[in-house]
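All remarks here apply to the structure that follows.
The values are calculated or read from the model by the stated rules, or taken from the named source; none is laboratory data. As the structure is a prediction and not an experimental result, all values here were calculated from the model. Because the Cβ atoms are built from the backbone with ideal geometry, glycine has one as well, and the counts that use them run over all protein chains shown. Calculation scope for accessible area: heavy atoms of the full protein, side chains included, ligands and nucleic acids excluded. Shrake-Rupley method; radii C 1.70, N 1.55, O 1.52, S 1.80 Å.
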Amino acid sequence: MINSHSEQLNIYGEYFNSRLLIGSALYPSPQIMQQAIQSSGAEIVTVSLRRQNSVSAGEDFWQLIKETGLKVLPNTAGCHSVQEVVTLAQMCREVFDTDWIKLELIGDEYNLQPDPFGLLEATDILLKEGFKVLPYCTDDLVLCQRLADLGCEVLMPWGAPIGTGKGLINTYNLKTIRERLPEQTLIVDAGLGLPSHACQALELGYDAVLLNSAVAGAGDPVKMAAAFSHAVEAGRMGYIAQAMPEKEVAAPSTPTMGMPFWHQN
Amino acid sequence: MTEYGAKPSVAIVGFGLVGRVAALELMDRYQLTIFEKDPQDAQTGAGTLAAAMLAPLAESVICDRILAEQGLKSIALWPSLLKKLDTPVFFQQQGSLIVAHQQDRGDLQSFEQRLKPLGEHQSTRVSQRDIATLEPELGGKFNQGLFLPCEGQLDNSAFFTSSYETLCCRGVDFQFTQAATIEADKVNGQAFDWIIDCRGVGAKQDKPGLRGVRGEVARIFAPEVNLQRPVRLMHPRYPIYIAPKPNHQYVIGATEIESQDANDITVRSTLELLSAAYTVHSGFAEGRVMSLNAGLRPAFVDNHPHIEVQNNVISINGLYRHGYLLAPVVVQQALSKGLL
């Protein structure tokens, strides 16, 4: 059945037109951050509280985020234990007046790979506390299934490790997660570098992508944000339009002149 | 105000890096009064904590070309500024070396692509052998890097000491531990011909949009380490400099966190900075930690310096992470509004 939200991104019952979520770290300046966010067309912006040390210490920067007028998705970047994540999520709820939390729990310091075991534990605690949890996870099917079993309506498997810009390094895994969890909102989070990576994620049937370094670290973040916006739109349209089946042999799109018709197929 | 025949009076509010540069520019022509909210020997401002790098080419990766070009001009101005001091201050322009561990070579490539050549000043790629020639103690440690010949640094600790002593000898009136209020042409009710507001983050209440950006640094005494020039190590989140100062002292910094928190350095940042230094040179292992500090860089939303003139009050603020890189040029631009 088609309803009025069928072509919108659904995050725990809230609907958005843009399928691009954008981060707020690592820009050359807050001004460029604000311009890039605007240029991306994103309606959701993620923000980290971990290293500000206190609520008042980060107030100036958070004010700049609030000025964008976008829905804020606080994240727990920089946390290494379940207790840290839970405490920070509670602080985020106070500061931003939202029950949304993008759950990041680092298991490996160097490539910032999520800790799947701690992630399940923290997700369980926070869902029971009434949070709407968006867990950042690896592209492991069983992990995603367990998170969904706990009650996560949104899952955020990585494309590649944070900040690498490598794109979707395991499309097989990502496709499998999509096929096996058709009801969940799936967002590729982390590892994208090029607009084509975002396009590919949407073509696979992912509902959205979340970016930060790909835009903030670009030579021209504002232009790159716009490029990603177009790529996401193209990828989604491509998915909706249903791609032609792949074939192993070439099939000319127009008949070849001078060749008997029975030789043409 | 000024009596007939006397030098015009100037109040400098804030005795950090910008206040000192302004005072040195003005000390011969004006009667100066300097207001500073902290005691004379306080180590709180961004200028005391910084690595005092003069790195316009490296910074061009994250800032506009125009700022990088101003940085290049500032390097040329520093020697004449330091000549005004009664005691010499270490200054060098022997380039800087950029290196990356194997895992971070992607960051090095990206850094190289983003460098904006400044006229004839560019970076050159250096091999393991070149690195060994430039910095013999790093020979064999890194396979590749970049050399930025136009860059330099100075000893900010000595600059702070020497600038204070020099200005004392010139009869400058110091009002330490004086939280100053600037109203019209008066500071704390006292009238001046000119007022230069150099308060940095201290002016936050009066400057909408001014924020602090937290930075943390370590100062290490490491007699086993002999680096000739600043070395910048690629790091996934922020650049880490190891800046060699006289007498085997090294400033290692700096973190960059969007926070107003000026409290002590965190354990995490300490570990990051010191482990980065150790991976560059194992001689840091037996070095002595002289200080671990945190402070706030003043910045506006565009991270550019702002000069404002209102009647006879000139405000210079928002030099962000480019205090030493830009101060001479920005202060000259500001003072040219009527004082120079």
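Checked against the criterion of being within 12 Å of another protein chain (Cβ to nearest Cβ), of a type outside the set (A, V, I, L, M, F, W, C) and either farther than 30 Å from A:Gly217 by Cβ or in contact with a Pro (Cβ under 8 Å, 6 or more places away or on another chain) (or both), the candidates B:Gly189, B:Gly212, B:Gly200 yield just one match: B:Gly212. Under 25 Å from B:Gly19 (Cβ atoms), within 14 Å of another protein chain (Cβ to nearest Cβ), touching a strand residue (DSSP E or B) at 6+ places or on another chain (Cβ under 9 Å) and among the aliphatic types (A, V, I, L, M) - does that describe any residue in the range B:269-284? Checking the range B:269-284: not a single residue is under 25 Å from B:Gly19 (Cβ atoms), within 14 Å of another protein chain (Cβ to nearest Cβ), touching a strand residue (DSSP E or B) at 6+ places or on another chain (Cβ under 9 Å) and among the aliphatic types (A, V, I, L, M).
The criterion of being within 14 Å of chain A (Cβ to nearest Cβ) and free of Cβ contacts under 8 Å to residues at least 60 places away in the same chain does not hold for B:Thr181. Checked against the criterion of being away from chain B (no Cβ under 12 Å), open to solvent by 20 Å² or more (accessible area, probe 1.4 Å) and not in a loop (DSSP other than H, G, I, E, B), the candidates A:Glu84, A:Glu59, A:Glu94 yield just one match: A:Glu94. Highlighted here are the strands (runs of 3 or more DSSP E) found entirely within the range B:138-178 that include at least 2 residues which are modelled with pLDDT of 95 or more, crowded, with 17+ Cβ neighbours inside 10 Å and of a type in the set (A, V, I, L, M): B:144-148.
With respect to the conditions (1) assigned to a loop (DSSP other than H, G, I, E, B); (2) within 9 Å of chain B (Cβ to nearest Cβ); (3) at pLDDT 90 or above, A:Gln34 falls short on a single one, namely (1). Of the residues screened, A:Ser48 is one that is surrounded by 16 or more Cβ atoms within 10 Å (Cβ to Cβ) and touching a Pro at 6+ places or on another chain (Cβ under 9 Å). Residues in the range B:278-305 that are part of a loop (DSSP other than H, G, I, E, B) and aliphatic (A, V, I, L, M): B:Val301 alone. Note on the range B:89-111: residues that are in contact (Cβ under 8 Å) with a residue 12 or more places away in the chain, open to solvent by 50 Å² or more (accessible area, probe 1.4 Å) and within 14 Å of chain A (Cβ to nearest Cβ) amount to 3.
Whether any residue in the range A:65-81 is surrounded by fewer than 22 Cβ atoms within 10 Å (Cβ to Cβ), assigned to a strand (DSSP E or B) and away from chain B (no Cβ under 14 Å) is what I want to check. Yes, some residue in the range A:65-81 is surrounded by fewer than 22 Cβ atoms within 10 Å (Cβ to Cβ), assigned to a strand (DSSP E or B) and away from chain B (no Cβ under 14 Å). Restricting attention to the range A:87-133, the residues being over 21 Å from the mean Cα position of the chain (by Cα), polar (S, T, N, Q) and over 25 Å from A:Glu14 (Cβ atoms) number 1.
Within the range B:232-261, if we keep just the residues that are more than 10 Å from every other protein chain (Cβ to nearest Cβ) and in a loop (DSSP other than H, G, I, E, B), the residue that is surrounded by the fewest Cβ atoms within 10 Å (Cβ to Cβ) turns out to be B:Asn247.
Residues checked against (1) away from chain A (no Cβ under 14 Å); (2) part of a loop (DSSP other than H, G, I, E, B); (3) within 28 Å of B:Ile182 (Cα to Cα):
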position	(1), (2), (3)
B:Phe15	yes, yes, yes
B:Arg29	yes, yes, yes
B:Ile34	yes, no, yes
B:Cys63	no, yes, no
B:Ser74	yes, no, no
